[in-house]
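Undergrad: One structure is given below, represented as structure tokens, and several questions about it will come after.
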Amino acid sequence: MPNPLILIPARMQATRLPGKPLADILGEPMIVRVWRRAMESGVGEVVVATDEARIVEAIEQAGGRAVMTSPAHQTGSDRIKEAADIVDPERRHDIIVNVQGDFPTLAPTAIAAAVEPLADPAVDIATLAGEITDEEEKTAPSVVKLIGSEISPGRMRALYFTRATAPYGEGPLYHHVGLYAYRRPALDRFVSLPQSPLELREKLEQLRALEDGMRIDAMIIDHVPRGVDTPPDLDRARAFLTPSAGA
């Protein structure tokens, strides 16, 4: 049976919203909100990976576990690789789930769905996407689009990721959700690779995996949680999570 470990990378140095992991959302730091959602998924053990002692303190006060990692990491993937080795040096966990620390509205069921494609031994990495319904998002470079082939209802094999509006023609467009479930060897391989040309061009690190020939499958979910990157994003998350909003 698979034995997933959920890791949540969190760092304080956000340029557009400094200190955002500790931003208050209805009385709790955002990182604690994300940790609670990950716990509710029931997927496996949950650990926050950070370079900030205040984040460790917030998680521990909530009853969770956090580990300190190097402040020198360039990406969340590098941080979770170090955290996985700290938390599980015996490599008991064969799947590592990277849940972004700025997704306070992510549904616990979505985290569980992200692991499903890894039941197929041909899949190296699994992720999530949702159909775009907002016309502005179809052309927004900030919205990453997944281009893929449907291999079963609600599941696609990723062929490419882009900030452009694609694919061309009639049919749905899919908004990629930046949550990843890695086979442990796939994570090791991924972080050992140099940045790839398309990764640098699109500024999308998942393209490094595709360019190296790794297979990424995506489950299609019925909601697209938006990351919190700016003060207006934070206001929207607070509004969504207010009890009267039905969240």
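The values are calculated or read from the model by the stated rules, or taken from the named source; none is laboratory data. None of these values were measured; they are calculated from a predicted model. Methodologically, a virtual Cβ is constructed for each residue, glycine included, from the backbone with ideal geometry; neighbour enumeration extends over all protein chains shown. SASA here: full protein model, heavy atoms, side chains in, ligands and nucleic acids out. Shrake-Rupley method; radii C 1.70, N 1.55, O 1.52, S 1.80 Å.
Undergrad: Would you mind finding the one in T69, T109, T75, T105 that is under 19 Å from the mean Cα position of the chain (by Cα) and open to solvent by 60 Å² or more (accessible area, probe 1.4 Å)?
TA: One residue alone meets the criteria, T109.
Undergrad: Test A181 against the stated conditions and say whether it is farther than 17 Å from A126 by Cα and open to solvent by less than 50 Å² (accessible area, probe 1.4 Å).
TA: No, not satisfied.
Undergrad: Let me confirm something: among P194, P167, P225, which residue is assigned to a loop (DSSP other than H, G, I, E, B), open to solvent by less than 40 Å² (accessible area, probe 1.4 Å) and not aliphatic (A, V, I, L, M)?
TA: P225
Undergrad: Checking D134 against (1) under 26 Å from Q13 (Cβ atoms); (2) open to solvent by 10 Å² or more (accessible area, probe 1.4 Å); (3) of a type in the set (D, E, K, R), only one condition comes out false. Which one?
TA: The failed condition is (1).
Undergrad: Moving to a separate point now. Looking at the stretch 203-222, which of its residues are outside any helix (DSSP H, G or I), among the aliphatic types (A, V, I, L, M) and either open to solvent by 40 Å² or more (accessible area, probe 1.4 Å) or within 21 Å of P4 (Cβ to Cβ) (or both)?
TA: Those that are outside any helix (DSSP H, G or I), among the aliphatic types (A, V, I, L, M) and either open to solvent by 40 Å² or more (accessible area, probe 1.4 Å) or within 21 Å of P4 (Cβ to Cβ) (or both): M214, I216, A218, M219, I220, I221.
Undergrad: Testing L200 on (1) assigned to a helix (DSSP H, G or I); (2) in contact (Cβ under 8 Å) with a residue 24 or more places away in the chain, one condition comes back false. Which one is that?
TA: (2)
Undergrad: May I pose another question? Against the conditions (1) among the aliphatic types (A, V, I, L, M); (2) open to solvent by less than 60 Å² (accessible area, probe 1.4 Å); (3) farther than 24 Å from Q13 by Cα, where does I151 fall short? Just the number, please.
TA: Here I151 meets the rest and fails (2).
Undergrad: Of all residues in the stretch 1-38, which are under 19 Å from D235 (Cα atoms) and without any contact (Cβ under 8 Å) to a residue 24 or more places away in the chain?
TA: Within the stretch 1-38, T15, P18, G19, D24, G27 qualify.
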